[in-house]
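Only one structure is covered here, and it is reproduced in the block below.
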Amino acid sequence: MYEFECGSPVCNHRLTSSSKDELMREVAEHVRRTHGIAVPPKSILSYLDETAVTETSPTPKGRRKP
């Protein structure tokens with residue numbers, strides 16, 4: 001599982017996905033819709049990939065993350 005937490009001081013958006021590629025597509029869409037960057041530069045997406053995307057262990061069925 002992969003997770004992204006937006007680091008913008010005015011945004012607390014969190015995304016999760018089982019695939020890093022899918023998560024990065026969702027991150028790009030978040031940057032477009034929420035932060036108004038119509039075409040996010042690869043440098044921004046690379047930076048977010050390196051600094052804000054973490055790999056997490058899946059939560060067992062029936063249990064919620066705290």
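The values are calculated or read from the model by the stated rules, or taken from the named source; none is laboratory data. Just so it is clear, the model here is predicted, and its values are computed rather than measured. Cβ: placed from backbone, ideal geometry, glycine included. Neighbour counts: every protein chain shown.
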Restricting the search to segment 3-31, which residues are hydrophobic (A, V, I, L, M, F, W, C) and part of a helix (DSSP H, G or I)? Leu23, Met24, Val27, Ala28, Val31
Taking segment 6-31, which residues are surrounded by 13 or more Cβ atoms within 10 Å (Cβ to Cβ) and in contact (Cβ under 8 Å) with a residue 40 or more places away in the chain? Cys6, Thr16
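Do we find that Leu48 is at pLDDT 90 or above, out of contact with any Lys or Arg (no Cβ under 7 Å at 6 or more places or on another chain), surrounded by 10 or more Cβ atoms within 10 Å (Cβ to Cβ) and hydrophobic (A, V, I, L, M, F, W, C) in this structure?
No; evaluated as a whole, the condition is false for this residue.
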Would you check which residues across segment 8-44 are modelled with pLDDT under 90 and either in contact with a helix residue (DSSP H, G or I) (Cβ under 6 Å, 6 or more places away or on another chain) or on the phi > 0 side of the Ramachandran plot (or both) and list them? Pro40
Take Pro58 and decide whether it is surrounded by 13 or more Cβ atoms within 10 Å (Cβ to Cβ), modelled with pLDDT under 90 and in a loop (DSSP other than H, G, I, E, B). no
Could you tell me whether Thr34 is loosely packed, with under 10 Cβ neighbours inside 10 Å and part of a helix (DSSP H, G or I)? no
